[in-house]
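Q: Provided herewith is a single structure, encoded as structure tokens, for subsequent inquiry.
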Amino acid sequence: MNRNAAGCCAAHPADVISVRAREDDGGRAWFFTSWRHPVAEVERVVDAVTAIRELLAGEPGL
């Protein structure tokens, strides 16, 4: 959740991040947004955090 960014549909921009198998990557575990967009492999936590911060800031690079 980013309390400093203006949101369209909620008080603060937020998303639910989940981990699931990415079929086009041999079933390896990935972080996904609630829209089922892949964020990063679970081993790449720093990349995932960076991508999620950009998403919540309104500058998604996904």
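Q: Restricting attention to segment 23-34, which residues are open to solvent by less than 70 Å² (accessible area, probe 1.4 Å) and part of a helix (DSSP H, G or I)?
A: Within segment 23-34, just Asp25 meets the criteria.
Q: If you don't mind, there's one more thing I want to ask. What about His37, is it modelled with pLDDT under 95 and surrounded by 13 or more Cβ atoms within 10 Å (Cβ to Cβ)?
A: Details: modelled with pLDDT under 95: yes; surrounded by 13 or more Cβ atoms within 10 Å (Cβ to Cβ): yes.
For His37, the condition - modelled with pLDDT under 95 and surrounded by 13 or more Cβ atoms within 10 Å (Cβ to Cβ) - is met.
Q: Checking the conditions here, which among Glu59, Glu43 is in a loop (DSSP other than H, G, I, E, B), modelled with pLDDT of 95 or more and open to solvent by 60 Å² or more (accessible area, probe 1.4 Å)?
A: Working: Glu59 fails: modelled with pLDDT of 95 or more.
Answer to the check: Glu43.
Q: Output the number of residues of segment 46-56 satisfying the condition of being surrounded by 14 or more Cβ atoms within 10 Å (Cβ to Cβ) and either in contact with a strand residue (DSSP E or B) (Cβ under 6 Å, 6 or more places away or on another chain) or basic (Lys, Arg) (or both).
A: Result for segment 46-56: 2.
Q: Can I ask one more? Within the set of pairs 6+ apart or on separate chains, which have a first residue in segment 21-42 that is free of Cβ contacts under 8 Å to residues at least 40 places away in the same chain, a second that is hydroxyl-bearing (Ser, Thr, Tyr) and open to solvent by less than 80 Å² (accessible area, probe 1.4 Å), and C-beta atoms under 7 Å apart?
A: Between residues of segment 21-42 that are free of Cβ contacts under 8 Å to residues at least 40 places away in the same chain and residues that are hydroxyl-bearing (Ser, Thr, Tyr) and open to solvent by less than 80 Å² (accessible area, probe 1.4 Å), the close pairs are Phe32/Ser18; Val39/Thr33.
The values are calculated or read from the model by the stated rules, or taken from the named source; none is laboratory data. Remember, predicted model here, so these are calculated numbers, not experimental data. We place every Cβ from the backbone using ideal geometry, glycine too, and count neighbours over all the protein chains shown. For accessibility, only protein heavy atoms count, side chains too; no ligands or nucleic acids. Shrake-Rupley method; radii C 1.70, N 1.55, O 1.52, S 1.80 Å.
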